[in-house]
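Read the structure below first, then the notes.
Laboratory data are not the source of any read-out in this text; all were calculated from the coordinates shown. As the structure is a computational prediction, the values presented were derived from the model and not from experiment. We place every Cβ from the backbone using ideal geometry, glycine too, and count neighbours over all the protein chains shown.
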Amino acid sequence: MSLYDNKYWLLSHIRNSFISTDDTGMCELIMVGESKDAKQHLRSAEPYPEPEGSEDEEDEFELFDMHQDMDFSIRERSNTAAQLEKLEHARKKTSKMKHVKWETKDPVQEFEDIFVKKDITQLKDTQKRTSTLAALLQTHSNVPRNPFIEYAKFDGSGQVNIPTKKYKIYLTMLPQEQRNYPMQVCCVASAKVQDLIGLVLLKHSYNHGITNLKSPSQYGLYITEEDGEVDRDFPCLDAGEPISKFGFTSLGLVEHKEAKAVNFQDASRNSLVMEGPGRTRTISDKSKAEESRQMENDLQAVEDHNKQMEAPLYRAFRAVMVSKVKPKIEVTIGISGERVEIDPVPQKGSKLLPFKAKAISHPVDSIASCEMIDTRSSRTGFRIVYCTAAGGNASGDPGILNSPSTSSAHKTTAFKHYYFESDYPTALDIVQKINLILELKSSATRSEYIASREKKMVIKKVFNIVK
Amino acid sequence: MMTENSENDQIILATGGYDHTIKLWQTHTGICSRTMQHAESQVNGLEISPDKDLLAAASYQHIYMYDLHSNNPSAIVNYEGTSKNVTSVGFQEDGKWMYSGGEDCRARIWDLRSRNNQCPKIFEVQAPINCVSLHPNQVELFVGDQNGIIYRWDLRTDNNEQLIPENDAMILDIDISPDSQLMASVNNKGKCYIWSLVSGSNDTPTKMIPKQKFEAHKRHALKCKFSPDSNLLITTSADQSAKIWDTSDFSLVQELIQENQRWVWDAAFSADAQYVFTASSDGYAKLWNVKKGVMEREYAGHQKAVIALAFRDAS
């Protein structure tokens, strides 16, 4: 075709075919104006348009096309896919359905067998009619009106043609062992947070009765982890807001702390509270005790956690260093995440001592262990085992202060220890702190020490057996 | 417990309306036991098949059949071919055929015995049909239309007879008492008309003798239904009430009123006529104690007006 060398013609051709093959009609809306431009170019038909100008135009067109591609063709495709899926779904559904079409046939057929007149004189039975419904209602006569029944209309399950949202609701008022599984609730998207709470309570009441439940305003929905842990850092969802505003699908239903059963002012709900005040009381007492126990546990956990967190922070303790050959010296043990420092406390007349106690400092990496040795009523002894070889850049002169540990010889690395005495709480604190730090650091020294110790144990055992 | 459950299974309460769902209810607790999707249109009328296997829903251009035993939320049979709303549906007592009436001015007989609807029968009137009711003798259909005409259609002979109880009034519902002694009809002016029926032997048609006329409601009367023992008649109305009448003298026995319940569309008696269900525009179905006139249960869950209900008691 001679026209194929005309880019405007080509452009217009492509546009036209694009528009005519597009089912959504979107292209037409957008491109119709542009194609006019192209047509104008085609008509004004400069045989050799200025290269620069035309290129610019082309670029613009291209850009436009790219934009078109990005924005619409993808969506169009997904629309088509969705449409296809819908059709497929409908086909599947209808294939399961039996279709009976009305056919207007000649009604000249014998109806003897189908339209048989029934002898209604026999109908006049005088027997007493019984109703299972009536019997059933009699046995379930005093079922109190469920106060949450009005929220039933927010149930989205089984609804068609209206948007619904699904939630996993964790009920914190359930006993611990039942809390792990969330309640699956499907709710119409137009419901408010308050309505969802009511619906959850309604569903809960189907299974657990209404005795322990309070009015929906006494509960809040909190953002919750997938594992059911309520995230209390955020406030509960505003009860007056539509639920569709929030994107969270896991929520925890939590009773407001300040809520009291007294707040039942609604006449219809009064009967509820009247029914079993005793029962409610006992349960609330029990739950209170449980709650306080829970609190204690929590506090303990927090304390432990704090200790762990603070372990690498510097802290100083007082203790007495004991060695076999030298007199007892009062020292300050400074422990941090980096080093363990042992400073002799200056004492009166220390100058008179035949040798000077020097300050010692060990990097934590060279510390192998810290353990309590003996707990007497007055003093508690503990020792810090360190390694002289591995990073054994202990300042000061350990040789003077310590006695070599009995099991020192292990190739190049030698383990030595200091022996201290102090009161029990201090000793405990020191031991815990050092061990926490060691756990955090998990240095090679430590693992080596533990290994060597285990070996020793084995040897000892063997020795015992031999003996 | 087991027996109670199985008994309870036999009691069927189905409701439907404008929210495109049909709900089945546990009658004594008020819990919705099942929701079926009726996506394409509102539910104009509901009827349970005689064998309690199927639920027929009259809707726009279709009658859908739902399986009452499975948990299938969609319809299993689709009766199509009517051009407008199907307003009324019912079954022959052995389930041999089904009748329907619609706004396309036609009453139809659908053959249920065979696969391909062997014996379609059609009855055409001048105006959209609001209601169709089957005489207990199983061969006469009473059809009420928007022109205010009641037709007695003899299915065997195709002869028909017309009644015009009141000019310029639509017939909104017709019911025939189970003992086939009385026929009741209500219209859009709230009037209720009663006829005595005289059944003829074999081929002679049923005779209708005007018996009584009374103002049941101030506004549209929407449904009328006799109790299974034929001693009571309930009428429901746009005046937000349902009224129960004694069929011996048509004196008012009970008025079922609840504030803001809006139009009361449909009603059904329990087998012993001690209780009655109503369906109303406030989205609730309700169970009333006939003697006390108080509501005993509420069936909540519909998003919009409930306009049809079907109930089958067990005995």
Exercise: per-residue mean of other protein chain Cβ atoms within 10 Å, B:71-80: 4
Name the trypsin sites (Lys or Arg not before Pro) in region B:55-135 that are in a loop by DSSP and that have at most 12 other C-beta atoms within 10 Å, would you? B:Arg115
Is the C-alpha gyration tensor of region B:115-219 telling us rounded, prolate or oblate? Criteria: a/c under 1.5 is rounded; beyond that, a/b larger than b/c is prolate, otherwise oblate. oblate
Just tell me the longest site-free run in chain B, where the sites are GluC sites (Glu not before Pro) in a DSSP loop having at most 15 other beta-carbon atoms within 10 Å. B:167-258
For a distance above 14 Å, tell me the whole-number percent of Cα pairs in region B:25-101 that qualify. 61
Ignoring everything except DSSP H segments at least 4 long, calculate the 222 nm mean residue ellipticity for chain B; use -39,500 (n - 2.57) per segment, divide by total residues, nearest 500. -1000 deg cm²/dmol
Shape of region B:253-315 from its Cα gyration tensor (a ≥ b ≥ c, root eigenvalues): rounded if a/c is under 1.5, otherwise prolate when a/b > b/c, or oblate? oblate
Between A:Gln294 and A:Lys96, 0.36 nm times their residue separation minus their Cα-Cα distance comes to what? 65.8 nm
Bin width 10 Å, alpha-carbon pairs only: give the P(r) of region A:149-275 as whole percents, running from 0 to the bin holding the largest distance. 13, 46, 34, 8, 0
Paired Rg and Dmax values of region B:176-249, which use every Cα atom, in angstrom: 12.8, 43
Length-normalised contact order of chain B in % [C-alpha pairs under 8 Å, at least 6 apart]: 13
May I ask you to order A:5-17, B:54-66, B:169-181 by the average number of other C-beta atoms within 10 Å around their residues, highest value first? B:54-66, B:169-181, A:5-17
Determine the shielding of peptide A:158-167 by partner chains: average, over its residues, the number of Cβ atoms on other chains within 10 angstrom of each Cβ. 4
What does the C-alpha gyration tensor say about the overall shape of region B:1-158? Classify as rounded when a/c is under 1.5, otherwise prolate if a/b is larger than b/c, or oblate. prolate
So if each residue of separation counts as 0.36 nm, and I subtract the Cα-Cα distance between B:Glu296 and B:Asn160, what length gain in nm does that give? 44.6 nm
For A:134-142, mean number of other protein chain Cβ atoms within 10 Å: 5
Convert each backbone phi in region A:247-255 into a coupling constant with the Karplus relation 6.51 cos²θ - 1.76 cosθ + 1.60 (shift: θ = phi - 60°), then list the ³J(HN,Hα) values in order as whole Hz, x for Gly and Pro. x, 6, 10, 9, 10, x, 8, 10, 6
In whole angstrom, and with the biggest value first, how far do the Cα coordinates of chain B range along each principal axis? 51, 48, 34
Dipole axis of region A:149-275 (+1 Lys, Arg; -1 Asp, Glu on Cβ), positive-most option in A:Gly158, A:Asn180, A:Gly228: A:Gly158
First measure r as the distance between the Cβ atoms of A:Glu88 and B:Asp249, then evaluate 1/(1 + (r/R0)^6) with R0 = 56 Å and state the FRET efficiency to the nearest 0.05. 0.35
For a 22 Å ceiling on Cα separation, which of these pairs sit above it: A:Lys203/B:Lys292; A:Lys307/A:Lys455; A:Lys166/A:Lys245; A:Lys245/B:Lys286; B:Lys218/B:Lys243? A:Lys203/B:Lys292; A:Lys307/A:Lys455; A:Lys245/B:Lys286
Long-range amide H contacts for A:Ala414: which residues qualify at under 5 Å (H placed 1.01 Å from N, peptide plane, sequence gap of 5 or more or a different chain)? A:Thr388, A:Ala389, A:Ala390
